[in-house]
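Some notes on the structure that comes next.
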């Protein structure tokens with residue numbers, strides 16, 4: 001006995017449509033609450049009236065757009081919901097270029113970011129930079145800058161403000177070195 005094939009298309013199509021609807025609806029239903037991605041920067045420095053050429057700022061580590069949290073001695077976590085508006089080296093570069101004016105014969109700054117992260121256990125924003133200032137074509141000594149600023153809440157805006165305070169201290173230290 002031969003089964004007519006026309007009658008089987010409808011149940012197959014219905015089953016396929018139900019399967020597709022079930023798969024699609026599982027994508028729409030999530031147990032995680034919606035979180036808006038928040039973007040921060042370090043703000044701008046006020047011009048300090050000091051001349052300095054900012055040559056380069058290197059960022060050899062994993063510090064990129066997402067906030068980076070240290071949650072233990074050996075664990076680092078990236079936060080996909082709190083991000084920097086630019087790469088950390090570009091944020092620092094913009095801030096330094098606003099603080100210093102570049103003139104012919106200015107001393108020159110070269111820097112490398114060693115740490116640009118938040119310690120959530122100790123509630124600290126940590127900035128560590130190795131830098132040198134060259135003058136007259138002679139490279140200066142390597143200087144290690146370390147700054148930690150505390151924050152009370154695990155809130156992106158408060159944490160970004162703490163990192164901006166570290167950047168302010170870095171700018172002030174450079175001004176003192178070249179005055």
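Computed from the coordinates by the stated procedures, all read-outs in this text should not be read as laboratory data. It should be emphasised that the depicted structure is a prediction, and the values quoted were computed from it without experimental measurement. Using ideal geometry, Cβ is built from the backbone for each residue, glycine included, and neighbour counts are taken over all protein chains shown.
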Handout entry: Largest-first principal axis extents, alpha carbons of region 38-178, Å
Key = 44, 28, 21
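Tell me, what is the FRET efficiency for residue 98 and residue 121 to the nearest 0.05, using R0 = 25 angstrom and their Cβ-Cβ distance as r?
On the way: r = 33 Å, r/R0 = 1.33.
Once the sixth-power term is evaluated, E becomes 0.15.
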Exercise for the section: Counting other beta carbons within 10 Å of each Cβ, put 175, 44 in order, fewest first. Expected result: 44, 175
Practice task
Quick one: Debye curve from the alpha-carbon atoms of region 109-179 only, equal weights, vacuum; give me log10 I(q)/I(0) at q = 0.13, 0.20, 0.27 Å⁻¹ to two decimals.
Solution key: -0.41, -0.79, -1.16
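Got a sec? How would 116, 81 order by Cβ neighbour count within 10 Å, fewest to most?
The fewest-first ordering by Cβ neighbours comes to 81, 116.
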Exercise for the section: Arrange 154, 109, 96 by Cβ neighbour counts within 10 Å, fewest through most, would you? Expected result: 154, 96, 109
